[in-house]
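Enquirer: Please read through the structure below; I'll follow up with questions.
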């Protein structure tokens, strides 16, 4: 039986990167070994504690692990440079299991028991919205790295994000499909249990029609489904030029295989929820020739990005996905705001984060607007040879 809110670990982030490289990856403790109400080790007066919530287990676990790595790397670097206000940084990590109720409970615990000064997370918009309500009520700033639903930051003035939002991402893919690929008819297959998927599908549909395209069919599924053949067969009958599937990699890989099995061979289009190495394991060759929007491309020669890539690969042995890059940026935006803030009270830190302008992140330059959303560019990638290939960049 899974108990809620398993504490993953308290990561001591003064450890240098070369030591982390040789250390085994942290794993979630067993339910028997870590009860939900167990008290973590206390934090001394020379330490500033941050909170992190991510899906370290569950169907989107790669997002949680990537985010944890990116945040850890950013805090390691800050500590090596002397920390913040003469103190070292530490992060307390909780597993949301990809479930909104778990994320909300984790934030409550981080605020009331752990007394964190800020919270970073989550990847999924549905979870972030549940978390944001608790963070706003507790007046503790929360910075999400990849939650793209516009509704997240509408929860209040303590909620921020370092990624673009769905209206922009939906616009990017609608414009790319119509102008770059010259598609006239694009059907939609959305996850009706995901705020991310629903929002992105709505914007894509509206914008594609605005650009003169037609959406002949709009089918849906629910997170956890494993058979999509009925929906795909219904869409195949409509003879679309492509199918827009704004879901997560866990579903998209299977959807791609089943689409090819029933003879639906048109390209699939999607959003940043596709971004995981697991996508190519699940979808294989069925994904070839498909396109998706994303937050960054490792092919970008920017020296700030290339330095991050080199250190990430040296530490974790892999190329970071966009979740890792944006989580790293979210942590750095938070750290820089902590340095500028006169103190680390909720209102002071909130104001400092809100003042973020022209911040050079590894996933693009970040300016937070009046809605606390990041104004930044997007990239479009093509699946070619079993990996993402850079196609173009689209600026706001």
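The values are calculated or read from the model by the stated rules, or taken from the named source; none is laboratory data. Worth saying up front: this structure is predicted, and the values here are computed from it rather than measured. Counting neighbours? That spans all protein chains shown, and the Cβs are built from the backbone with ideal geometry, glycine included.
Enquirer: Checking the structure you have, find out if any residue of the range 60-83 is over 22 Å from residue 313 (Cα atoms), surrounded by fewer than 24 Cβ atoms within 10 Å (Cβ to Cβ) and modelled with pLDDT of 95 or more.
Expert: There is at least one residue in the range 60-83 that is over 22 Å from residue 313 (Cα atoms), surrounded by fewer than 24 Cβ atoms within 10 Å (Cβ to Cβ) and modelled with pLDDT of 95 or more.
Enquirer: For the range 214-235, which positions are in contact (Cβ under 8 Å) with a residue 40 or more places away in the chain and over 11 Å from residue 189 (Cβ atoms)?
Expert: 223, 224
Enquirer: Output the residues belonging to the range 218-235 that are within 20 Å of residue 181 (Cβ to Cβ) and surrounded by fewer than 19 Cβ atoms within 10 Å (Cβ to Cβ).
Expert: Hit for the range 218-235 is 218, nothing else.
Enquirer: A further question on this structure: Six or more apart or on different chains, Cβ under 7 Å: which pairs go from a residue in the range 284-304 that's over 14 Å from residue 379 (Cβ atoms) to one that's part of a loop (DSSP other than H, G, I, E, B)? Could you list them?
Expert: The qualifying pairs are 289/267; 290/267; 304/362.
Enquirer: Sort out which residues of the range 327-376 are under 19 Å from residue 78 (Cα atoms) and either assigned to a loop (DSSP other than H, G, I, E, B) or not assigned by TED's automatic domain parsing to the domain that holds residue 111 (or both), and write them in order of number.
Expert: 341, 342, 343, 344, 356, 362, 363
Enquirer: Oh, and also: If you take the residues in the range 143-159 that are under 14 Å from the mean Cα position of the chain (by Cα) and free of Cβ contacts under 8 Å to residues at least 60 places away in the same chain, which one is surrounded by the fewest Cβ atoms within 10 Å (Cβ to Cβ)?
Expert: Within the range 143-159, the match that is surrounded by the fewest Cβ atoms within 10 Å (Cβ to Cβ) is 149.
Enquirer: From the list 267, 167, which residue is surrounded by fewer than 24 Cβ atoms within 10 Å (Cβ to Cβ), within 30 Å of residue 336 (Cα to Cα) and touching a residue at least 24 places away in the same chain (Cβ under 8 Å)?
Expert: Among 267, 167, only 167 is surrounded by fewer than 24 Cβ atoms within 10 Å (Cβ to Cβ), within 30 Å of residue 336 (Cα to Cα) and touching a residue at least 24 places away in the same chain (Cβ under 8 Å).
Enquirer: Looking at residue 346 and the list (1) under 22 Å from the mean Cα position of the chain (by Cα); (2) at pLDDT 95 or above, which single condition is not satisfied?
Expert: The failed condition is (1).
Enquirer: Among the numbered conditions (1) assigned by TED's automatic domain parsing to the domain that holds residue 177; (2) more than 21 Å from residue 180 (Cα to Cα); (3) surrounded by fewer than 16 Cβ atoms within 10 Å (Cβ to Cβ), tell me where residue 289 comes up short.
Expert: Going through (1) assigned by TED's automatic domain parsing to the domain that holds residue 177; (2) more than 21 Å from residue 180 (Cα to Cα); (3) surrounded by fewer than 16 Cβ atoms within 10 Å (Cβ to Cβ) one by one, residue 289 breaks only (2).
Enquirer: Need the failing condition index for residue 280 against (1) more than 19 Å from the chain's Cα centre (by Cα); (2) within 30 Å of residue 262 (Cα to Cα); (3) in a helix (DSSP H, G or I), just the number.
Expert: With respect to (1) more than 19 Å from the chain's Cα centre (by Cα); (2) within 30 Å of residue 262 (Cα to Cα); (3) in a helix (DSSP H, G or I), residue 280 is out only on (1).
Enquirer: So, one more: For residues that are under 23 Å from the mean Cα position of the chain (by Cα) and assigned to a helix (DSSP H, G or I), tally how many sit in the range 231-277.
Expert: Summing the residues that are under 23 Å from the mean Cα position of the chain (by Cα) and assigned to a helix (DSSP H, G or I) in the range 231-277 gives 12.
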